[in-house]
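Student: Sending over a structure as structure tokens; questions will come in a sec.
The values are calculated or read from the model by the stated rules, or taken from the named source; none is laboratory data. In this text, all values refer to a predicted model and were calculated from it rather than measured experimentally. Cβ: placed from backbone, ideal geometry, glycine included. Neighbour counts: every protein chain shown.
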Amino acid sequence: MEQALERYERIKRERERELEKIRKKYNKRLKKNLKELLKRLDDLEKKKIPKNVDERIKRVLEGERKSYVSSLRTALTSIETMEDLGKRLPDLSKFHVGHGKYLIEIFDKEVYTINKLLKGLSEDYTSYYQEVSERELEEVDVNSLLEEIEEVKAAIRSAREERDRLRALSEQKRLELNRIQEEKGLSNLEDRINVISSDIRKMEIEIRSKASKLQKPIKRMRLGGFADEFARDSGLAIEEPDRTIELLRSVKPKLDGKYRKTADWLLKNLPEGAEVIRRKRTELEELKDRRDGILEETASKEKEIWEIERLIEEKEDEIRRLKRRLEHLERELEESLKKIEEALGEAIER
């Protein structure tokens, strides 16, 4: 690749010498044409208005000529090179049609001559631009691109190393946290909380299921008070067991078949079941308080781990940004190498 770059630079220097000759040739012609144009403008400015022109038209004509000559002269005197000409061509093109109505009528020969010279400038610039475009080689700084690519690759390696270090630190801190929580019995507490919660749910479901079967017959009795509340909410069997038992005893004689059997089951099992649920709920709250106490004690460790994980995510973002930059640079390098290959007429070994 180094040899190819050296050859490209040699060709580029040769092309620059050719371009310099082209610029000199066209700039020399430009100066000559500008001089001729300015001379024609001077002639137009000094040209006497024919005697047979009406005084009113004469006054308008003088204004048109003064504006036309002054504006075009200002535009022309700001041009020194072909590059200047290229920038001013849009302005110069306006002068083809920018003269006044009477100016073209009275001084048609002079204006047409100036327009022809302006058109010649435009044609010269087109020819100049074509010659320059055919010979000009773009500035291709492959070495800078290669250096930056290596810098970005090094930055990616560094970011990955830092990310991996933070991952290891996070894992270490997580192990320490787990050990501390294990020593304090957090895992056992969680297991007991889950078991007791499950037991409570099963018992509540069983009691509520039985109680819900009695809601319709009790509702039809229209007893009012607690009976109506029970008919709307089967959970009262658990929350208000004494009142529920009292209600069941009062309505049992009015029940028959499956409803009486359900009432008998509740009268037999609800007192103990409700008490067991109450005790288990109390135990569950105590266990949760103990668990929350352990979590509060280790909250600073948890926060430290969270902060490390946040830094890991920042490093991940940095790596993604660097990889996008690397892809962009590699595409730029590939495009630059293709330009060199076009200039050399052969492929470059990557």
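Student: Quick one: in segment 233-263, of everything that is of a type in the set (K, R) and free of Cβ contacts under 8 Å to residues at least 12 places away in the same chain, which residue is surrounded by the fewest Cβ atoms within 10 Å (Cβ to Cβ)?
Tutor: K261
Student: Now a separate question. Select from segment 49-77 the residues that are more than 22 Å from L117 (Cβ to Cβ) and among the basic types (K, R) and list them in ascending order.
Tutor: Hits for segment 49-77 are K51, R56, K58, R59.
Student: Continuing with this model, one more query. Inside segment 181-259, counting only helices (runs of 4 or more DSSP H) that do not spill past its ends, which hold 2 or more residues that are of a type in the set (D, E)?
Tutor: Result: 186-213, 226-232, 241-251.
Student: What about R310, is it within 19 Å of S209 (Cα to Cα), within 60 Å of the chain's Cα centre (by Cα) and surrounded by fewer than 16 Cβ atoms within 10 Å (Cβ to Cβ)? Don't jump to the end; show me each part of the working.
Tutor: Working: within 19 Å of S209 (Cα to Cα): no; within 60 Å of the chain's Cα centre (by Cα): yes; surrounded by fewer than 16 Cβ atoms within 10 Å (Cβ to Cβ): yes.
No.
Student: For G86, state whether it is farther than 30 Å from V140 by Cβ and either in contact with a helix residue (DSSP H, G or I) (Cβ under 8 Å, 6 or more places away or on another chain) or at pLDDT 90 or above (or both).
Tutor: No.
Student: Specify the residue that is nearest to the chain's Cα centre (by Cα); the eligible residues are those in segment 314-327 that are exposed (fewer than 12 other Cβ atoms within 10 Å of the Cβ) and more than 17 Å from D164 (Cα to Cα).
Tutor: R324
Student: Considering only residues that are surrounded by 12 or more Cβ atoms within 10 Å (Cβ to Cβ), assigned to a helix (DSSP H, G or I) and modelled with pLDDT under 90, which ones fall in segment 1-42?
Tutor: Of everything in segment 1-42, those that are surrounded by 12 or more Cβ atoms within 10 Å (Cβ to Cβ), assigned to a helix (DSSP H, G or I) and modelled with pLDDT under 90 turn out to be A4, L5, R7, Y8, E9, I11, K12, E14, R15, E16, E18, L19.
Student: Only one of these is at pLDDT below 95 and either of a type outside the set (F, W, Y) or not assigned by TED's automatic domain parsing to the domain that holds K216 (or both): E335, E318. Name it. Please lay out each step first, then the result.
Tutor: Values: E318 fails: at pLDDT below 95.
Checking each option against the conditions leaves just E335.
To keep it simple, each residue is scored yes or no on (1) basic (K, R); (2) out of contact with any Cys (no Cβ under 9 Å at 6 or more places or on another chain); (3) modelled with pLDDT under 95.
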position	(1), (2), (3)
E139	no, yes, yes
E147	no, yes, yes
A155	no, yes, no
S158	no, yes, no
R163	yes, yes, no
R167	yes, yes, no
R179	yes, yes, yes
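Student: Would you pick out the residues in segment 201-231 that are without any contact (Cβ under 8 Å) to a residue 40 or more places away in the chain, more than 14 Å from W265 (Cα to Cα) and under 55 Å from the mean Cα position of the chain (by Cα)?
Tutor: Listed by number, the residues that qualify are R201, K202, I205.
Student: Could you list, in sequence order, the residues of segment 132-148 that are in a helix (DSSP H, G or I) and either more than 26 Å from T81 (Cβ to Cβ) or touching a Phe, Trp or Tyr at 6+ places or on another chain (Cβ under 8 Å) (or both)?
Tutor: Correct list: V142, N143, S144, L145, L146, E147, E148.
Student: Could you check, for segment 78-85, whether at least one of its residues is among the hydroxyl-bearing types (S, T, Y) and within 16 Å of I106 (Cα to Cα)?
Tutor: No, because not a single residue in segment 78-85 is among the hydroxyl-bearing types (S, T, Y) and within 16 Å of I106 (Cα to Cα).
Student: Between L311, L326, which is closer than 25 Å to L175 by Cβ and in contact (Cβ under 8 Å) with a residue 12 or more places away in the chain?
Tutor: L311
Student: When only residues in segment 51-79 that are outside any helix (DSSP H, G or I) and touching a residue at least 24 places away in the same chain (Cβ under 8 Å) count, which is nearest to the chain's Cα centre (by Cα)?
Tutor: If we take residues in segment 51-79 being outside any helix (DSSP H, G or I) and touching a residue at least 24 places away in the same chain (Cβ under 8 Å), then I79 is nearest to the chain's Cα centre (by Cα).
Student: Oh, and also: Only one of these conditions is not met by E297: (1) of a type in the set (D, E, K, R); (2) surrounded by 11 or more Cβ atoms within 10 Å (Cβ to Cβ); (3) at pLDDT 90 or above. Which number is it?
Tutor: Unmet for E297, out of (1) of a type in the set (D, E, K, R); (2) surrounded by 11 or more Cβ atoms within 10 Å (Cβ to Cβ); (3) at pLDDT 90 or above: (3).
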